[in-house]
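A short write-up of the structure that comes next.
Just so it is clear, none of the values below were taken in a lab; they were calculated from the coordinates. As the structure is a computational prediction, the values presented were derived from the model and not from experiment. Backbone-built Cβ (ideal geometry, glycine too); neighbour counts: all protein chains shown.
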Amino acid sequence: MSTPGISVLEGKYMVTMDLFPQQSKEFNQMHPFYEYLKEGRFTTTRCKDCGAEPFPPRLLCPECYSTDMEWIDWPTVATVIEVTEEMVGVPLGFGKPPLVHALVDLQGKRTFFIRVINCKQGELKSGDRVKLAVFEVDPVPQEVGRDIVEIPRVFYAFEPEK
Amino acid sequence: MTERNVCVIAGGMSKWGVREGSQRDFFQEAAKACYQDNPQLNPKEIDGLLVASAYTERTSYQTHLAPLVAEYVGIRPKNICARVELLCASGSSAIILAFGMIKSGQADVVMVAGGEKLYTPQKWEVFYSELASVDHDWDAAQGLGLPPPVFAMVAKQHMKQFGTKKEHLGQISVKNRRNAAKNPKAQFQTPVTMDEVMSGRMIVDPLTLYDCCPITDGAAAVVLAVEEKAKDITDKPLVYVRGTGQASVNNMSANMPDWTTWEALKIAAAQAYKKSKVEPKEVDVAMTHDCFTISELIEMEDLGFCEKGEGGPFVESGQNDIGGIVPTNTDGGLLGCGHPFGGTGIRQAIEVTRQLRGDAIQQVAGAKIGLTHNLSGFIAAHTVLVYGKEVA
């Protein structure tokens, strides 16, 4: 893989140009989120002391400042509040326009601003239901000792529930 | 201990737009314009420098920017020399910090310079870099880079809840482009008609081309000074920073408390009004963050210039235009001037300073109190400053 204009970067991985988060335990203590995601589960952390369920998942409870957190499952089906379609400015890596965005109610847990995939232009409407959709993204070529090991990754969007 | 009051004593900006040149070129142009605004200012007397830039590492591959700017604009700060970053509100954040430095006696004369080189040799990169502007691991990975989808969602909900019309948004675009056409430093030099605005190409429904501010290169600079020195350095009317506020209540979209009432803006505004001993009805001129037309409309409501949900009729009756209750974005705003992130809060300070000095291009007669407002990130932080012809 060559990098035009910067020949020394041929074949090199650049974290500063990566669309997706680091998901290995070496680079992210929230790595269980992605491991559960591979099982089709949408999770976050709950504080064992005060019961708060912050999202994104984290080490420190933002309500009572405890670090005694546990992983819990959240719903994987949400209801569309509003939908819009991005025709111009879709960043590289997110397909051809339109990029469908929706504001969804995750069964009272949070209002999420999510990407909707497997959805035709004009298909999605307020009140429709969408479900979690997990897909593979580029693995990270990570140094392990003297070797480069490809760490598989996934990410999520939602898709119409049919 | 005598109260230390803080004044703006000079301000200037480079030409903004799709520019030939580098980040460091634009900072020199802005400094030159700032020095020319007040020939009595000896740049060697500037004892502090704060530089506002958000994308310097991404689009110019340059960190440690403040000493570089100091070197290029010929100043030798001895009390502070650092960069401030809060994306679209970097400039106004730096002004707040300069204000605090001077107020507390840590510095006497501070330059605040801000700007960006956003256009790169291949344009895809700036869109891609925008993915760093929100929570990268969660929101950006959903494809939320450039902000139009977020503001489109806000507009849709405001329309649904309050009956706001696309024409209300269009009126803001027409006003700000008309104002920009009179400002030689603005990116856009031509006005647009309501017909052109309403038939603009779709970006993200309901936002069309003229609802969105452009991508912009450029820089701006102001100099703040303690009142005692300011009196010696300028013969122009003094303009005081009266009070400031900055608030954040969430970062990731999932934690946004309300999409059509911006809680952090209300908090920041309440702080700024309280510290400056000003009420919304006393504001004579405002520069608000019109990154999108819907933003200016909601800002009219949440800054207290009209009731919640009344932004549409307020705009329709011209209350945010010259001759109205609070002439807004008299220099063209972001929609007309463009938006080099770190430069915007400083551009706003320059226009408010001119309005209060009485030498603005489109002067609001008798303006005594001016306000600036920035929002940044995923509508995640709000910054409000109140300026006046007199101290608070």
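Observations
- Applying a threshold of 20 Å to the alpha-carbon distances of B:123/B:185; B:78/B:229; B:277/B:389 flags B:123/B:185 as lying beyond it.
- GNM flexibility winner over chain B from B:353, B:59, B:293 (Cα, springs under 10 Å): B:59
- Pairs from the table (A:25/A:96; A:48/B:274; B:165/B:274; A:96/A:162; A:109/B:308; B:32/B:103) lying more than 31 angstrom apart at Cα are A:25/A:96; A:48/B:274; B:165/B:274.
- Mean separation of Cα contacts under 8 Å, 6 or more apart, over the residue count of the stretch A:76-162: relative contact order %: 28 percent
- Prolate/oblate/rounded call for the stretch A:22-74, Cα gyration tensor, a/c under 1.5 rounded: oblate
- Annotation: aspartates and glutamates with alpha-carbon distance below 14 angstrom to residue B:166 (same-chain offsets under eight excluded): B:195, B:196, B:205, B:211, B:296, B:316.
- Taking Cα centre as origin and charging only the Cβ of basic (Lys, Arg, +1) and acidic (Asp, Glu, -1) residues, the dipole magnitude of the stretch B:1-133 rounds to 100 debye.
- Extension gain, residue B:392 to residue B:248, is 49.4 nm, computed as 0.36 nm per intervening residue step minus the present C-alpha separation.
- DSSP beta bridge pairing in the stretch A:76-162, given as percent antiparallel to the nearest 5: 95 percent
- Using a Förster distance of 51 Å, the FRET efficiency for residue A:6-residue B:363 (Cβ separation, nearest 0.05): 0.55
- Antiparallel beta bridges, as assigned by DSSP with both residues in chain B, represent about 70 percent of the total such bridges.
- In terms of surrounding Cβ atoms within a 10 Å radius of their Cβ, A:94, A:113, B:188 rank from fewest to most as A:94, B:188, A:113.
- Separation of the residue B:193 and residue A:154 label points, Cα + 7 Å toward Cβ, nm: 5.6 nm
- Global form of chain A, assessed from the alpha-carbon gyration tensor, a/c cut-off 1.5: oblate
- With a Förster radius of 60 Å applied to the beta-carbon distance between residue A:79 and residue B:32, the computed FRET efficiency rounds to 0.60.
- Inter-probe distance in nm under a simple model that places probes 7 Å from Cα toward Cβ, at residue B:124 and residue A:136: 2.2 nm
- Taking the stretch A:68-98 and a reference point 7 angstrom along Cα→Cβ of residue A:49, the backbone N atoms nearer than 12 Å belong to A:68-69.
- Ascending count of other beta-carbon atoms within 10 Å, so fewest first, for A:72, B:9: A:72, B:9
- Within the protein assembly as shown, DSSP assigns beta bridges of which about 85% are antiparallel (rounded to the nearest 5).
- Exposure proxy order (Cβ contacts within 10 Å, fewest to most) of B:389, B:185: B:389, B:185
- Straight-line cross-link reach from residue B:231 at under 15 Å between alpha-carbon atoms covers these aspartates and glutamates, not counting any fewer than eight positions away in the same chain: B:45, B:108, B:390.
- If R0 is 25 Å, the Cβ-Cβ spacing of residue B:18 and residue B:165 corresponds to a FRET efficiency of close to 0.20.
- The calculated 222 nm mean residue ellipticity attributable to helices in the protein assembly as shown amounts to -8000 deg cm²/dmol, summing -39500 (n - 2.57) over DSSP H runs of n ≥ 4 and dividing by all residues.
- Shape call, the protein assembly as shown: gyration tensor on alpha carbons, a/c limit 1.5: prolate
- Cα centroid separation, the stretch B:224-277 to the stretch B:317-344: 17 Å.
- Partner chain coverage, peptide B:204-214 - average Cβ within 10 angstrom: 2
- Translational diffusion of chain B was estimated from the Stokes-Einstein equation, with Rh taken as the Kirkwood radius over Cα pairs; at 25 °C and 0.890 mPa s the coefficient is 120 µm²/s.
- Cα-projected label distance for residue A:60 with residue A:15, points at 7 Å along beta-carbon direction, nm: 2.0 nm
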